[in-house]
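Engineer: One structure coming up, written as C-alpha cells, with questions to follow.
Read-outs: derived from the displayed coordinates by stated rules, not from any lab. This structure is a prediction, so every number in the text was calculated from the model and none was measured. Virtual Cβ from ideal backbone geometry, glycine too; neighbours counted across all protein chains shown.
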Amino acid sequence: MFSIPVRIRPALPHIAIWSILLILPALIRVPAHKETDFTTLPGGFFIVTNLMNIGLFYGNAFFLYPRYMNRRKWWIYLPSILAAVSGLFFIKILIIPEGFPAIPIDMNTRRFAFFSSLVFIIVSIIYRVLVDNARREKKLKEIQAAQFTTELKFLRSQVNPHFLFNVLTNLVSLARSGSRQLEPSLIMLADLMRYMLYDSGEKKVTIADEGQYLKSYIQLQQLRFGEDVTIVTNFEIDERQQLLTIEPMLLIPFVENAFKHGVGWIDKPALFIRLRVKEGILELTVQNKFNEQENSKDPGTGIGLPNVQARLKLLYPGKHTLSLEKEKDSYFVHLTIDLL
C-alpha cells in the first residue's frame, strides 16, 4: 500500500489550494464584458500573476514577517511589504503588452494586478500568525509535559524515603522490645522493597499488585502492634478488574497516614481500610481515630498527603475525587478514581 512520506504531508494542503486557485478560470464561465475582470482574463495571465502572488505569499510568510514583524521591526516590515506589492504590480503591467497583448490595460486590470497581491499578503499574514500560534502551543505543551514528567519523578522519589522512614521506625520498635515478630517483619519488608525497587519503577502497575502491596503493608503493621490496635480491612476487587492499572504507590500514603496518626496517644486505636474496584471505579476508604493535640506537635506531618494530592492532580485530572474529613475524634479519607 502506497504511503505518503511524512516530510511531504504538510505540503499537501498547500498544493491542493494553489492547484484549485490556478484552475479557477477554467471552472468559471461567464459572458465576456467590455471591461475586464478576473473571470475574463486569459488563463495564462491569471496563472502567471498568481504564481507571482504565491511567491509573494511565501516570501512574506517565511521571510519578511518572521524576520521583521515578529521582532517588532514594523518600520522595516511595512515599507518592505509596500515595495514588494508595488514592484509586483509594475511587473504584471509591464508583461501585458509583450506576453498578453489581448488584455487591455484598463482600470479593472490594474485593480486585479494590485489588489490580488494585497489579498495574498493579508492571507499570508493570517497564515503566519496561525502557524506561530500553533508552534507556541506545541512548544508550551512539550514544556508542560517535561515539567509533568520531572514533577512526577520528584514526587515518586519522595514516596520511597517517606515510606522507609515509617517502616524502619516500626522495626526499631520491634527490635527494642525483643519481639519475635522482627524476623517475619524483615521478610515482609524485603517483599515490599522488591515491589518498590522494581515494580514501582513502571509507569503503571495492576490493581492486583497494588492491592497486594497494601495488604503486605497492613500485615507488617499488624505484626508490630498485635492486639493493641484493631485493624479491619475489606478488599473487594472484581476478578475482571484486577488487570486495570494505576499509578504505583498512589494509595499507600493514605494507609500510612492512618497508622501514623491513628496509633499512639489514642484510647483504643482502631483503623478501618476498605478498597473496592468495580466497573472501572476504584474506591478507597480509610478511617482512623486521632488525637488532634498530639498530632499538632508532630513536626514530620505533611509529606505523604500533599504528595499524593499533587500526584492525583497530575495523573487523574477530572477523573478523581478526594474527601478528607475530621469528625470528633475520627479522620475519614474517601478517594475515587476512574481507571478506564
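Engineer: Taking H placed 1.01 Å from N in the peptide plane, check which residues at least 5 places from L271 or on another chain put their amide H under 5 Å from its amide H.
Structural biologist: T230, I231, V232
Engineer: Oh, and also: Taking amide H positions as placed in the peptide plane 1.01 Å from N, state which residues far from Q181 in sequence (5 or more) or on other chains have amide H under 5 Å from it.
Structural biologist: The list, which skips near neighbours in sequence, is empty: none.
Engineer: HN-Hα J couplings of the stretch 92-106 from phi, Karplus 6.51/-1.76/1.60, θ = phi - 60°, integer Hz, Gly and Pro as x?
Structural biologist: Result, rounded to whole Hz: 4, 5, 5, 7, 5, x, 7, x, 9, x, 6, 8, x, 8, 9.
Engineer: I've got another one for you. With N denoting the number of residues in the stretch 231-272, provide Rg(C-alpha) divided by 2.2 N^0.38 Å, to two decimal places.
Structural biologist: 1.52
Engineer: Further, regarding this structure: Calculated FRET efficiency, K73 and F165, Cβ-Cβ r, R0 51 Å, to nearest 0.05?
Structural biologist: 0.30
Engineer: I would also like to ask the following. Calculate the FRET efficiency for I8 and Q212 from the Cβ-Cβ distance with a Förster distance of 41 Å, rounded to the nearest 0.05.
Structural biologist: After rounding to 0.05, the efficiency reads 0.20.
Engineer: Average the reciprocal distances over every distinct pair of alpha-carbons in the stretch 53-95, invert the result, and give the Kirkwood radius in Å.
Structural biologist: Result for the stretch 53-95, one decimal place: 10.8 Å.
Engineer: Relative to the present Cα-Cα distance, how much length would full extension add between L51 and L243 at 0.36 nm per residue of separation?
Structural biologist: 63.2 nm
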